[in-house]
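The values are calculated or read from the model by the stated rules, or taken from the named source; none is laboratory data. Just so we're clear, the structure is a prediction, and the values are computed from it rather than from any experiment. Note: ideal-geometry Cβ built from the backbone for every residue, glycine included; neighbour counts use all protein chains shown.
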Amino acid sequence: MKISILTIALLTGTLSYAQPKLIEQAVISTTTNVIAPEDEEQSNDGRMNFRNMMDGETKSTTYVKNDLVKTMLRSEVGKSTIIRNNTSKITTTLIEMMGMKRGFFVSDSEQVAMRDSMMKQRRKDTSASTVERKEPQTEISYSDETKKIAGYQCKKAFIISTSIFGSRDSITVWYTPEIKFRYFTSTGGLSAIGNMGAVNGLDKIDGFVLRYEMNMRRNRRMEVEVTKIDTGIEIADKEFDIPKDFDVQPMKDMQKMFGGMGGPPPMMRGNQ
């Protein structure tokens, strides 16, 4: 009986230790690098090309406090801030570019409706295709390889996705099973734009993703890596306030404005 009790105690302790620690407050620094093909021709027509705005290196800082998440992104093009309230389910995006300070907000329900509309249009555009469509699938393949990133021991995994048309792609992921956050599984890259962007399969990783590498459309490659996680800092509530010097409108109104400039900016479109 003593042996059985000891065995149960050891197993319980092991299982408890294996569970990722839930972090409620932190500041996370992340670097995103979108690499364009070297042989790609550059447009010299003088017009702003939103399709290439994500190219190059972008530094981001994410503030987390309970149900609030704010990410600030800085690149050569400008600065943007995404504030996510996970209680009200509202995402607000603020853009500073060429002296302009504008913003838009969108609810989760509105976002779902827009995504459904986009998917419907894509299916319509590809209706003539003879490729058999399948339900999208995602599977995780784990590796024994490990390395330390931002002070955390990380494990390697591959997220293998199959699209509705049957094509397959793989994302290389490095994650730590030590910690996790309630409302997101990674920062930087598409995850930096709050609830507006997503990388398929990251939510299946039991832990926090500190690095991932993925192929994008138009022959681009994205590399995202967390450089620092500070969990010992006290974050004030005012950090998540909307600045009064921004012209903030509903997202549907902002879409109309950017529609006359070659389409909406990348944070409205997701993975391009």
| message | I need the full set of residues from the range 159-177 which are surrounded by fewer than 17 Cβ atoms within 10 Å (Cβ to Cβ), modelled with pLDDT of 90 or more and more than 17 Å from the chain's Cα centre (by Cα), in order please. | response | 160
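Might you let me know whether the range 2-20 holds any residue that is in a strand (DSSP E or B) and either modelled with pLDDT under 90 or among the hydroxyl-bearing types (Ser, Thr, Tyr) (or both)?
Within the range 2-20, the first condition is being in a strand (DSSP E or B), and the residues that meet it are none.
No - not one qualifying residue is present in the range 2-20.
Please report, ordered by residue number, the strands (runs of 3 or more DSSP E) entirely within the range 192-272 with at least 1 residues that are closer than 15 Å to residue 106 by Cα and either modelled with pLDDT under 85 or not small (Gly, Ala, Ser) (or both).
Working: elements: 208-215, 221-230, 247-250.
Once the strands (runs of 3 or more DSSP E) in the range 192-272 are filtered for at least 1 residues that are closer than 15 Å to residue 106 by Cα and either modelled with pLDDT under 85 or not small (Gly, Ala, Ser) (or both), what remains is 247-250.
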